[in-house]
């Protein structure tokens, strides 16, 4: 996956120019400032333990979330070696998910039939491969303890919460294959396949299916985090920071609805619709099967900060 590196680089260059502009003025000041402004980027390498499907045939291949944040830090306590501060951040999170689905038999009960009959629609040897992307505005609140190791070098630790505000997630790519048949219990369990010629029975290339792009997500997703890092002074009043963050979601990202355990066209990953004599396959995101979707794992972060 290509991380939004251009955004990160341009932001760092901008804050770097600000650093240079204030360097001469900052060098005249002996007192350490109580206010800092920083731009930082976080790249996620999430483990997948927080994302669990109720369908054993679903598999998450990769999960990434990358944050770009603008943070205001206010120091409220200071000693010779320690500083305590509050951080308030605003930014944006970029998300990417990849998932596979493979099942020898996927069945739903439907009335999408050219004659209006209700039957069991069977997707045999169903395989799907999908990619979903999205983003969210972020608000962050954290406490920081900073240890002054020596001149120009500090260590710090953060404890706080990142909150996703109105996230969105859309299915960008979906392809797969299956063979479709229909079993009619009212007609002595007769099964129709491609020889029937209607209802879309037979082999289906799901790359040509109608893709339902929108993935249902919760509007507020808090994520607790702990961060450890270090700061290097690159000029008076301008610091380069880097570190590692462990995050743990407090709420699910995905809205989950299992239809009381019954697969129907309203909650199935694949289903058909009938228009006259034409049957169209429809595909939802595999992530709709995830009853747990809490971010967890580590992130690497780097940032630039200036003092005022």
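Taking (1) over 21 Å from residue 69 (Cα atoms); (2) in contact (Cβ under 8 Å) with a residue 24 or more places away in the chain; (3) surrounded by fewer than 15 Cβ atoms within 10 Å (Cβ to Cβ) in turn, residue 219 satisfies each apart from (1). Taking the conditions (1) touching a residue at least 60 places away in the same chain (Cβ under 8 Å); (2) over 22 Å from residue 95 (Cα atoms); (3) assigned to a strand (DSSP E or B) in turn, residue 186 satisfies each one other than (3). Exactly one residue out of 286, 254, 274 is surrounded by 14 or more Cβ atoms within 10 Å (Cβ to Cβ), more than 30 Å from residue 75 (Cα to Cα) and touching a helix residue (DSSP H, G or I) at 6+ places or on another chain (Cβ under 6 Å): that is 254. For region 264-271, state whether one or more residues are closer than 30 Å to residue 175 by Cβ, in a strand (DSSP E or B), at pLDDT 90 or above and out of contact with any helix residue (DSSP H, G or I) (no Cβ under 6 Å at 6 or more places or on another chain). Yes, because at least one residue in region 264-271 is closer than 30 Å to residue 175 by Cβ, in a strand (DSSP E or B), at pLDDT 90 or above and out of contact with any helix residue (DSSP H, G or I) (no Cβ under 6 Å at 6 or more places or on another chain).
For first residues located in region 33-62 and within 20 Å of residue 127 (Cβ to Cβ), partners that are in a loop (DSSP other than H, G, I, E, B) and lie 6+ apart or on another chain with Cβ distances below 7 Å form the pairs 54/258; 60/48. Within region 144-161, not a single residue is assigned to a strand (DSSP E or B), at positive phi and surrounded by fewer than 19 Cβ atoms within 10 Å (Cβ to Cβ). Of the residues 89, 16, 44, the single one that is surrounded by 14 or more Cβ atoms within 10 Å (Cβ to Cβ), assigned to a strand (DSSP E or B) and at pLDDT below 90 is 44.
Take residue 63 and tell me if it is assigned to a helix (DSSP H, G or I) and either modelled with pLDDT under 80 or closer than 30 Å to residue 255 by Cα (or both). No: the conditions fail for residue 63.
The values are calculated or read from the model by the stated rules, or taken from the named source; none is laboratory data. Bear in mind that the values here come from a model prediction, so they are computed numbers and not experimental data. Positions of Cβ are generated from backbone atoms using ideal geometry, with glycine treated the same way; all protein chains shown enter the neighbour counts.
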